[in-house]
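Below: the structure, in structure tokens.
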Amino acid sequence: MVKPTVHDIAREAGVSLSTVDRVLNGRKDVRPKNAERVKSAVKKLGYVRDTNAANLAKQRRYKFLFVLPVGSNHFVETIVSSVEEASGTQIVDRADVDVLLVNAADPHAVVDRLKMLDLCALDGVAIMVPETPQVRDAIAHIKSAGIYVVALVSDLPNSKCDHFVGIDNFSAGKTAGALLGKFLRNETGSILVVTNSMVARDSIERRFGLDEVLARDFPSLKTLPTIEFYDDPDRIHETLSHAISAHSDLKAVYSMGSGNAAMLDALRENIAPGQLVVLAHDLTSVTRQALQDGDLDAVIVQNVGHLVRSALRVLRAKCDGTNIFEAQEQIRIEIIMRENLY
């Protein structure tokens with residue numbers, strides 16, 4: 001079957017090729033009556049625009065930016081590596097992809113960096129920072145310039161981003177609760193929950209999911225109030241040491257966010273190997289070694305390569321006005337243990 005062309009659309013609609021081109025490119029300088037004729041012809045003929053060919057003909061290049069937290073975060077390092085790897089694939093054909101590192105713990109610093117962006121040179125931004133009023137305002141400003149924004153890893157539900165790319169963090173917390181309950185079956189005691197900051201949406205959702213499963217299915221296990229580390233190694237060591245000594249019934253530690261290197265060091269100093277069940281998120285060089293050494297029992301993982309490629313595909317689709325294939329962009333939750341370490 002021969003695919004319809006713009007010439008067929010022009011003939012069917014009774015308009016010029018230039019009018020068809022303006023309608024297909026979303027320009028406003030077309031009489032409403034003619035625009036409706038073109039749209040009706042497109043629908044009748046089943047025309048599907050080849051955006052790649054159109055962009056190639058116009059020599060268009062995309063400009064995408066990943067905004068990520070700065071600091072000793074091994075998970076962010078894996079994202080940066082995946083961005084660099086994806087830059088050489090067909091996904092970013094005719095596209096430039098950069099990374100901007102920001103101090104995510106300081107909303108004003110994040111906004112200051114975002115205000116310095118040359119919005120005229122950007123097409124899309126994937127952003128991984130906690131949602132605050134300042135960040136919401138900055139995202140609104142970026143979107144007002146016609147730039148698409150994707151929330152990465154941690155959702156920004158009140159910022160009206162164009163899409164969220166990441167695992168279902170509520171389900172991830174429920175997965176952690178189920179794992180802890182099964183590891184500690186028939187035991188009674190408390191579980192220490194730690195994270196970098198509860199401002200981050202992913203930590204909030206993971207905590208809700210954890211509490212739901214444990215309260216429903218494993219009532220003999222009590223979750224303690226979340227300890228926030230704020231990327232401070234000294235605080236990590238001090239608070240973990242105090243918590244372990246203060247709770248003689250402690251059975252497990254669940255790390256919901258980053259800071260796993262310092263956390264694992266602190267645990268090694270305060271407990272014997274195998275004394276507690278320990279769960280964490282994201283497969284990095286640190287958590288991989290901890291699994292091999294037996295310092296972690298399991299890691300809840302999202303495929304970082306898939307995460308980055310999905311963000312790029314979504315941004316590209318938004319720019320081109322094409323459909324997003326939700327099944328392809330769904331990031332799966334995986335459970336990694338020493339026995340299935342890849």
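The values are calculated or read from the model by the stated rules, or taken from the named source; none is laboratory data. Remember, it's a predicted structure, so these values are computed and weren't measured experimentally. Positions of Cβ are backbone-derived with ideal geometry, glycine not excepted, and every protein chain shown enters the neighbour counts. Ligands, DNA and RNA are excluded from the accessible area calculation, which covers all protein heavy atoms including side chains. Shrake-Rupley method; radii C 1.70, N 1.55, O 1.52, S 1.80 Å.
What is the one condition in (1) out of contact with any His (no Cβ under 8 Å at 6 or more places or on another chain); (2) within 24 Å of Leu184 (Cβ to Cβ); (3) touching a residue at least 12 places away in the same chain (Cβ under 8 Å) that Met256 does not satisfy?
Among (1) out of contact with any His (no Cβ under 8 Å at 6 or more places or on another chain); (2) within 24 Å of Leu184 (Cβ to Cβ); (3) touching a residue at least 12 places away in the same chain (Cβ under 8 Å), the lone unmet condition for Met256 is (1).
For the stretch 254-342, give me every one of the helices (runs of 4 or more DSSP H) that falls completely inside it and has 2 or more residues that are crowded, with 18+ Cβ neighbours inside 10 Å and among the small types (Gly, Ala, Ser).
260-270, 304-320
Quick check: anything in the stretch 200-213 in a loop (DSSP other than H, G, I, E, B) and either polar (S, T, N, Q) or over 30 Å from His141 (Cβ atoms) (or both)?
The answer is no, given that none of the residues of the stretch 200-213 is in a loop (DSSP other than H, G, I, E, B) and either polar (S, T, N, Q) or over 30 Å from His141 (Cβ atoms) (or both).
Limited to the stretch 170-192, what total is found for residues that are in a helix (DSSP H, G or I), open to solvent by 10 Å² or more (accessible area, probe 1.4 Å) and over 12 Å from Asp202 (Cβ atoms)?
Number satisfying all stated conditions: 6.
Could you go through the stretch 156-169 and let me know if any residue there is among the hydrophobic types (A, V, I, L, M, F, W, C), part of a loop (DSSP other than H, G, I, E, B), open to solvent by less than 40 Å² (accessible area, probe 1.4 Å) and without any contact (Cβ under 8 Å) to a residue 40 or more places away in the chain. Talk me through it step by step, then tell me what you get.
Residues of the stretch 156-169 among the hydrophobic types (A, V, I, L, M, F, W, C): 156, 161, 164-165, 167.
Now restrict to residues that are part of a loop (DSSP other than H, G, I, E, B): 156, 161, 167.
Subset that is open to solvent by less than 40 Å² (accessible area, probe 1.4 Å): 156, 161, 167.
Next cut, without any contact (Cβ under 8 Å) to a residue 40 or more places away in the chain only: 161.
The answer is yes, given that some residue of the stretch 156-169 is among the hydrophobic types (A, V, I, L, M, F, W, C), part of a loop (DSSP other than H, G, I, E, B), open to solvent by less than 40 Å² (accessible area, probe 1.4 Å) and without any contact (Cβ under 8 Å) to a residue 40 or more places away in the chain.
Among the residues of the stretch 203-241, write down those that are within 21 Å of Val135 (Cβ to Cβ) and open to solvent by less than 20 Å² (accessible area, probe 1.4 Å).
Within the stretch 203-241, Ser203, Arg206, Phe229 meet the criteria.
Just the residues that are of a type outside the set (S, T, N, Q), in contact with a strand residue (DSSP E or B) (Cβ under 7 Å, 6 or more places away or on another chain) and open to solvent by 40 Å² or more (accessible area, probe 1.4 Å), please, taken from the stretch 66-93.
Answer for the stretch 66-93, where residues must be of a type outside the set (S, T, N, Q), in contact with a strand residue (DSSP E or B) (Cβ under 7 Å, 6 or more places away or on another chain) and open to solvent by 40 Å² or more (accessible area, probe 1.4 Å): just Val70.
In the stretch 51-72, what residues are modelled with pLDDT of 75 or more and either on the phi < 0 side of the Ramachandran plot or not small (Gly, Ala, Ser) (or both)? Step through it out loud before you land on a result.
Going residue by residue through the stretch 51-72, those that are modelled with pLDDT of 75 or more are 61-71.
Across the stretch 51-72, the qualifying residues are Arg61, Tyr62, Lys63, Phe64, Leu65, Phe66, Val67, Leu68, Pro69, Val70.
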